[in-house]
1. What about ALA32, is it surrounded by 16 or more Cβ atoms within 10 Å (Cβ to Cβ), in contact (Cβ under 8 Å) with a residue 60 or more places away in the chain and in contact with a Lys or Arg (Cβ under 8 Å, 6 or more places away or on another chain)?
2. Of everything in segment 81-97, what is outside any loop (DSSP other than H, G, I, E, B) and loosely packed, with under 15 Cβ neighbours inside 10 Å? Give them in sequence order.
3. Of all residues in segment 101-112, which are loosely packed, with under 13 Cβ neighbours inside 10 Å and modelled with pLDDT under 90?
4. Please tell me if ALA140 is touching an Asp or Glu at 6+ places or on another chain (Cβ under 8 Å), of a type outside the set (Ser, Thr, Tyr) and surrounded by fewer than 19 Cβ atoms within 10 Å (Cβ to Cβ).
5. Please determine whether any residue of segment 39-46 is within 16 Å of the ligand (Cβ to nearest atom), of a type outside the set (Val, Ile, Thr) and assigned to a loop (DSSP other than H, G, I, E, B).
6. Among VAL116, VAL135, which is within 21 Å of LEU31 (Cα to Cα) and away from the ligand (no atom under 16 Å from the Cβ)?
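The values are calculated or read from the model by the stated rules, or taken from the named source; none is laboratory data. None of these values were measured; they are calculated from a predicted model. Quick reminder, even Gly has a Cβ in these numbers, built from the backbone with ideal geometry, and neighbours come from all protein chains shown.
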Amino acid sequence: MRIAKDHIVSFDYTLTDESGAVLDASRGAPLAYLHGGRNIIPGLEKALEGLAAGDEKKVAVPPAEGYGEFDERLIMNVPAERMGGNTVQVGMRFHAETNAGLRVLTVKEVKPDEIVLDGNHELAGKTLHFAVKVVEVRPATPTELAHGHPHQESSGCCGGGCSSGEAQSQAEEGCCGGGGGGGCGCATGETKSASDEGCCGGQGKATSEDGSCGQGSCGCSQ
Ligand SMILES: [Zn+2]
């Protein structure tokens, strides 16, 4: 079976930058996504089209087809008192509504009376070098098409694991939002839906703290 629209694809990947430094990797836990569902960056989705299980490919994705160009306008200086008295440290990330929509903001600099925030994705402006290996290709189920993301066949939802930093439950449901908050560890502040399957963020709100998707089944948006 070849990768085409409305198929669920699992693949292993290693992501490196121009210098060959590893930025991210699936590390034996393949990433699953809905092809054509905008679950992953456009340049990578395009490169995977037509491949089959077992196929390997290297692809360089330019910023425009990755996480966008670096935008100076997303660097913001915020008066310290706006942080509500919370302790702020360089490198901290949080979600905030900005002129450009919901963004993950990274604290760049802490001055006595001012905080410098960066709303760019950490991979913005970078050409991304992916080495991918397709693990599985299968048609999406009607529910997956309706949700716009893959479900883990055995556990319903989120069984594929969440991004690092997110708590992952070993609940029997294996599902986010199931069983009273012990679910799949959606990032703080995210909506857990009360959908019949107990998925988190059925409408694609489950972006993890670092702005990247979980391992597929957790309803991430890019
Ligand atoms: Zn779902």
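1. Spelling it out, it is not the case that ALA32 is surrounded by 16 or more Cβ atoms within 10 Å (Cβ to Cβ), in contact (Cβ under 8 Å) with a residue 60 or more places away in the chain and in contact with a Lys or Arg (Cβ under 8 Å, 6 or more places away or on another chain).
2. Here is the first cut: in segment 81-97, the residues outside any loop (DSSP other than H, G, I, E, B) are 81-83, 93-97.
Within segment 81-97, GLU81, ARG82, ALA96, GLU97 meet the criteria.
3. GLY101, LEU102, PRO112
4. Details: touching an Asp or Glu at 6+ places or on another chain (Cβ under 8 Å): yes; of a type outside the set (Ser, Thr, Tyr): yes; surrounded by fewer than 19 Cβ atoms within 10 Å (Cβ to Cβ): no.
Criteria not met by ALA140.
5. Checking segment 39-46: at least one residue is within 16 Å of the ligand (Cβ to nearest atom), of a type outside the set (Val, Ile, Thr) and assigned to a loop (DSSP other than H, G, I, E, B).
6. It is VAL135.
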